[in-house]
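To keep things clear, I will list the structure first and then write my remarks on it.
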Amino acid sequence: MNGKTPIIIDVDPGHDDAVAIMLACGSPSLDPLAITTVAGNVPLEKTTKNALKILSLIGRADIPVAAGASAPLERVLHTAEDIHGESGLDGPEIPDATFAADERSATKLLADTIESSPEPVALVPVGPLTNIAIFLRERPDLKENISRIVLMGGSIGLGNTTPAAEFNIYVDPEAASEVFASKLPITMCGLDVTHKAGAGPDRREKLRSIGEIGGIVAEFLEYFAGTYKEIHGFDAPPLHDPVAVASIIEPSILKTRPMHVAVECEGELTRGETVCDLRRVTKKKPNAEVGVGLDRECFFEILYGALERL
Ligand code: BDR
Ligand code: CA
């Protein structure tokens, strides 16, 4: 035990996933024990390669990375090259990774790490929830050594992949449904809060002044801003995934409300919608703390500080 919060991040990098990894590694209060990868923004081989490259870049080849699911539980993989480019991390050139992925599967690495941790571990999934659902099916006995799940996904309001659904939940709604039904403490950082973490030109300029890693993050965001502008019509790409990590570093930045969240797996127009019972009309017991507000200034200060430390 070192006084830090042990976490495992499950990622599909993805520009904002990359920044989430950097934020976790630059935070003195977090102990990232492992990274697991999942197919999402781009296919699994690329998300794994990207996670390895980011950790190599910031000198954290000591953190094991294991590849997980290459496809959603029941669906054909839907990817987001339109947002993140063909590599998943288009933009600046990043050197090749200096280390290889662990030979274990993501679920085995999750199990080994959680089992051997003297303290309960927080899971931070910021991609489709496939790995987490498979892991919870395989090892329900390890739930007791999971402190909580802090996920990026979903929305109380509108979606970003369809009018109703956010990308991570849209890609694997069945997995998301299982995770929300897991009875573990869940914090959902959905679009309602992550859209408050938009990195406009001023933020990118500030990031550029924070040394080499800040400069690379700024370049990521320039690329991300270009595709966001083309597709969504605005030039301040949201740092979705870092919001989940930052809310563990400083819980006060995220305002949440308890509510029951169900995931639509059937709807023709609403696949992957997170149906959030904000007004308690179903009388169902809340299964998540859902983000409703974000202290944007504090979020960016935490991010700048972490990048300075890398
Ligand atoms: C989520 O989708 C992905 O493109 C991002 O990495 C983020 O996890 C936002 O909807
Ligand atoms: Ca992601």
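Here's a check for you: in segment 35-48, which residue that is buried (at least 22 other Cβ atoms within 10 Å of the Cβ) and in a helix (DSSP H, G or I) is farthest from the chain's Cα centre (by Cα)?
Lys46
For segment 39-80, which positions are in contact with a helix residue (DSSP H, G or I) (Cβ under 7 Å, 6 or more places away or on another chain) and either β-branched (Val, Ile, Thr) or at pLDDT below 95 (or both)?
Val42, Ile54, Ile58, Ile63, Val65 - these are the residues of segment 39-80 that are in contact with a helix residue (DSSP H, G or I) (Cβ under 7 Å, 6 or more places away or on another chain) and either β-branched (Val, Ile, Thr) or at pLDDT below 95 (or both).
Scan segment 80-94 and tell me whether some residue there is more than 16 Å from the chain's Cα centre (by Cα), over 21 Å from His240 (Cα atoms) and away from ligand 1 (no atom under 15 Å from the Cβ).
yes
Which of the following residues is out of contact with any helix residue (DSSP H, G or I) (no Cβ under 7 Å at 6 or more places or on another chain) and either farther than 19 Å from Glu74 by Cα or basic (Lys, Arg) (or both): Glu144, Glu174?
Selected residue: Glu144, the only one of Glu144, Glu174 that is out of contact with any helix residue (DSSP H, G or I) (no Cβ under 7 Å at 6 or more places or on another chain) and either farther than 19 Å from Glu74 by Cα or basic (Lys, Arg) (or both).
Run Ile83 past the list (1) more than 27 Å from Phe234 (Cβ to Cβ); (2) modelled with pLDDT under 95 and report the number of the one that doesn't hold.
(1)
Give segment 215-235 a look and list any residue that's outside any loop (DSSP other than H, G, I, E, B) and of a type outside the set (A, V, I, L, M, F, W, C), or say none. So that I can check it myself, show each step before the final result.
Just the residues of segment 215-235 that are outside any loop (DSSP other than H, G, I, E, B), to begin with: 215-232.
Passing the criteria: Gly215, Glu219, Glu222, Tyr223, Gly226, Thr227, Tyr228, Lys229, Glu230, His232.
Spot the failing condition for Arg137; the list is (1) in contact with a helix residue (DSSP H, G or I) (Cβ under 6 Å, 6 or more places away or on another chain); (2) farther than 24 Å from Pro251 by Cβ, and only one is missed.
(1)
Taking the residues in segment 64-84 that are within 16 Å of ligand 2 (Cβ to nearest atom), in contact (Cβ under 8 Å) with a residue 60 or more places away in the chain and of a type in the set (A, V, I, L, M, F, W, C) as candidates, determine which candidate is farthest from Leu136 (Cα to Cα).
Ile83
For segment 257-274, how many residues meet the condition of being among the aliphatic types (A, V, I, L, M) and part of a loop (DSSP other than H, G, I, E, B)?
The number of residues fulfilling the criteria is 1.
Ser252 passes all but one of (1) small (Gly, Ala, Ser); (2) assigned to a strand (DSSP E or B); (3) over 18 Å from the mean Cα position of the chain (by Cα); which number fails?
For Ser252, the exception is condition (2).
Can you name the condition, by its number, that Leu142 falls short on among (1) buried (at least 20 other Cβ atoms within 10 Å of the Cβ); (2) more than 21 Å from Ser56 (Cα to Cα); (3) away from ligand 2 (no atom under 16 Å from the Cβ)?
Against the list (1) buried (at least 20 other Cβ atoms within 10 Å of the Cβ); (2) more than 21 Å from Ser56 (Cα to Cα); (3) away from ligand 2 (no atom under 16 Å from the Cβ), Leu142 comes up short only on (1).
Kindly indicate whether any position in segment 277-297 is in contact with a helix residue (DSSP H, G or I) (Cβ under 7 Å, 6 or more places away or on another chain) and either in a helix (DSSP H, G or I) or of a type in the set (Ser, Thr, Tyr) (or both).
Looking for residues that are in contact with a helix residue (DSSP H, G or I) (Cβ under 7 Å, 6 or more places away or on another chain) and either in a helix (DSSP H, G or I) or of a type in the set (Ser, Thr, Tyr) (or both), one finds none in segment 277-297, hence no.
Please count how many residues of segment 249-261 are surrounded by fewer than 17 Cβ atoms within 10 Å (Cβ to Cβ) and touching a residue at least 12 places away in the same chain (Cβ under 8 Å).
Total meeting the criteria: 5.
For segment 275-285, indicate whether the set of residues that are at pLDDT 95 or above and under 19 Å from the mean Cα position of the chain (by Cα) is non-empty.
no
For segment 274-290, enumerate the residues that are closer than 19 Å to Thr187 by Cβ and out of contact with any Cys (no Cβ under 7 Å at 6 or more places or on another chain). First the steps, then the outcome.
Residues of segment 274-290 that are closer than 19 Å to Thr187 by Cβ, as a first pass: 274-278, 280, 284-290.
Those that are closer than 19 Å to Thr187 by Cβ and out of contact with any Cys (no Cβ under 7 Å at 6 or more places or on another chain): Thr274, Val275, Cys276, Asp277, Leu278, Arg280, Lys284, Lys285, Pro286, Asn287, Ala288, Glu289.
Just the residues that are more than 25 Å from Asp295 (Cβ to Cβ) and assigned to a helix (DSSP H, G or I), please, taken from segment 167-210.
At the first step, the residues of segment 167-210 found to be more than 25 Å from Asp295 (Cβ to Cβ) are 170-184.
Listed by number, the residues that qualify are Tyr170, Val171, Pro173, Glu174, Ala175, Ala176, Ser177, Glu178, Val179, Phe180.
How many of the residues making up segment 9-34 are over 11 Å from the mean Cα position of the chain (by Cα) and under 19 Å from Ser70 (Cα atoms)?
So the answer is 1.
Of all residues in segment 1-39, count the ones that are within 13 Å of ligand 2 (Cβ to nearest atom) and on the phi > 0 side of the Ramachandran plot.
Result for segment 1-39: 1.
The values are calculated or read from the model by the stated rules, or taken from the named source; none is laboratory data. None of these values were measured; they are calculated from a predicted model. No Cβ is skipped: glycine too gets one built from the backbone with ideal geometry, and neighbour counts run over all protein chains shown.
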